[in-house]
Amino acid sequence: MPGKKNETGDIQSTLQQHFGFSELLPGQQAVIQHLLDGHSAAAIFPTGGGKSLCYQLPALLLPGVTLVVSPLIALMKDQIDALGKRGIKAQRLDSSLDAGEYREVMRQLRDGELRLLYVAPERFNNERFRESMRPIRISLFAVDEAHCISEWGHNFRPDYLKLAGFAHEFNAERILALTATATPAVLDDICRLFAITPAHATNTGFYRPNLKIDTTIVVASERDNALLSALRENAPAAAIVYVTLQKTAETVARMLADNGFPARAYHAGLKPNIRNQIQEWFMSADTAIVVATIAFGMGVDKSDIRAVYHYNLPKSLENYSQEIGRAGRDGRLSICQMLVCPDDLNVLENFIYGDTPDKAALRSLVDALFSLGEKFDVSLHTLAGTHDIRPLVLRTLLTYLELGNYLKGGTPFYAHYQFKPLLDLQTILARFEGERHAFLAGLFRQAKKARTWFSIDLDQAATTLNTSRERIVRALDWLGEQQLLEVKVAGIRHRYQRLNQPDSLEALAEDLYQRVLAREQAEIHRLQQILDLITLDDCQSNALAAHFGEQRTQACGHCSGCLRGKSELPPRHTPIISEDILHAAYTLQQEQADVLTSPRLLSRFLCGIGSPRISRNKLSTHTLFGSLGNVPFAEVMAQIEQHQ
């Protein structure tokens, strides 16, 4: 519903009063005005271009709450802390909250105290959360990293495809989609799927003149020295060094520290409190260097990062642009140097090939799904393990079946509910009268007591009490928020309804297989685009901008393409595969015929690419696992297929 001028207030005074800025950045005015006029909108700004203000400022001018959907816990925490310092009430719901903290956030939301609530997209799979949101007025539904909704994007996340439906279900009055990395095709998808009029999509352009792009070709043995030289050539300043693997982050950080640089490693393998400490150290220090996997940097609002180094090749132009975009947000000259070593390609390609299921796995998955009846529920964890498909890939496949009109997903639910009374049950019941007293008394009778915890089958209880499962969920949550019960849930299951039976299960499995192979090739092509940028005989800054739909006619004059011209990549080293390893691998395949069932699976095993079945059978500790990790996957698979 369009906002009225006297309801939305004045943009300029709010900007000055709450954020301390005298003027908006390019594009912000248009996006904010679209929202205040009642329209849904899209904001495509480069990293550091001020996307967050596009929902934070309207949140203060619109009634109700602004719900911010983001996959980035670091962004949530940083923004909530910053908003709190400005006197703006914001909270987050994520897995790090304990029961008491969760209850307090929900109380603040229900009592209308919050202006913004941050959640991850997976939160909408939680039936407790969905039920609690139904009575809440959502004036703005802001979706960060909106490129994740597009199958053509570099980071497709199946949960994003359902966000538009959730926004509609919760009667969100307007949607804001935000991203820094939308190609023209991805932007079309964002607008179509979120029902945003193209005229309400604001793209400020990608090019930033203060970023000096440099691509330097090195051999692996000289890469450490090249990084040290680069750091010594520039004045001490905050910097990020991006690597691919967690163990590389540790070894490079140690190497830098041994050479006198204030460096620390950051990756997803560290405990959350350690990651928080490192992030806070980096934010507060002037010369800190973080050596990180891509787990670091998302949502980190530090304006004076003077350099971003890529110790390893980035996965795609989209990843690269997002990572270098963290440099120089204050507008000052900043270095973006990529140390190019073709040896990195094996590891990056193996990540891609590891996501492609075996054809037999897809056939067994399809057979299983379409034998479960018209309505069914499944554990994705169990399904992934049974069919040897990585969990995120499984979610993507189920999404494909939904898009193909074969299945329709329902609200996920928890199979196991438990509660522990914090007061005597009779004391709790004494607080209620009439129908509510009778309902809760009946509900408590349905619960089975162990030593201190009661377990309850919600579906059985709903049938016996002639009520809905949703009412029981709401009641247990309310009792939990009132600190009358402590409630625990476990065993998430996903509901599906079969809409159409395929004419041929074999043909459907083949179609899914071709689709995942196409995604595999698309990801390999993204890697090739990185190599094309490195060897470009032209302005690299302009080529990168063109990838995101921005056409520039004047060369930047300071990228390595402008300064040094075309670079030549050395030929990729392909080690000879030992006949001894192949012979041992074939022997193992015969011994593990139920695990290493095809050339692709054996090739993945030899290249060190794990899977649920390999982990379950403890094959990741076998001496042959990863023995050909330095050989391109395609070469290994060609050899295996030739001998079988």
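Points worth noting:
- Failed item in (1) under 21 Å from PRO314 (Cα atoms); (2) touching a residue at least 24 places away in the same chain (Cβ under 8 Å), with ALA518 passing the rest: (2)
- Matching option when the condition is surrounded by 16 or more Cβ atoms within 10 Å (Cβ to Cβ), outside the structural domain of SER371 (by TED's automatic domain parsing), farther than 30 Å from GLN446 by Cβ and within 24 Å of the chain's Cα centre (by Cα), among ILE530, ILE534, ILE492: ILE530
- Pair list, Cβ under 6 Å, 6 or more apart: segment 388-401 residue over 10 Å from SER611 (Cα atoms), other residue modelled with pLDDT under 90: VAL393/ASP355; ARG395/PRO158; THR396/PRO158; THR399/PRO158; THR399/LEU161
- If you filter segment 21-55 down to residues that are assigned to a strand (DSSP E or B) and at pLDDT 95 or above, you find that the one that is surrounded by the most Cβ atoms within 10 Å (Cβ to Cβ) is ALA43.
- Residues in segment 161-191 that are buried (at least 24 other Cβ atoms within 10 Å of the Cβ) and of a type in the set (Ser, Thr, Tyr): THR179, THR181.
- Any chance PHE261 is outside any helix (DSSP H, G or I), more than 29 Å from ILE352 (Cβ to Cβ), assigned by TED's automatic domain parsing to the domain that holds ASP224 and free of Cβ contacts under 8 Å to residues at least 60 places away in the same chain: yes
- Test: residue in segment 599-612 that is touching a Leu at 6+ places or on another chain (Cβ under 7 Å), assigned to a loop (DSSP other than H, G, I, E, B) and either in the same structural domain as ALA220 (by TED's automatic domain parsing) or surrounded by 21 or more Cβ atoms within 10 Å (Cβ to Cβ) (or both): yes
- Segment 78-106, subset assigned to a helix (DSSP H, G or I) and at pLDDT below 80, residue nearest to GLU280 (Cα to Cα): ASP78
The values are calculated or read from the model by the stated rules, or taken from the named source; none is laboratory data. Everything numeric here is computed off the predicted structure, so don't read it as measured data. No Cβ is skipped: glycine too gets one built from the backbone with ideal geometry, and neighbour counts run over all protein chains shown.
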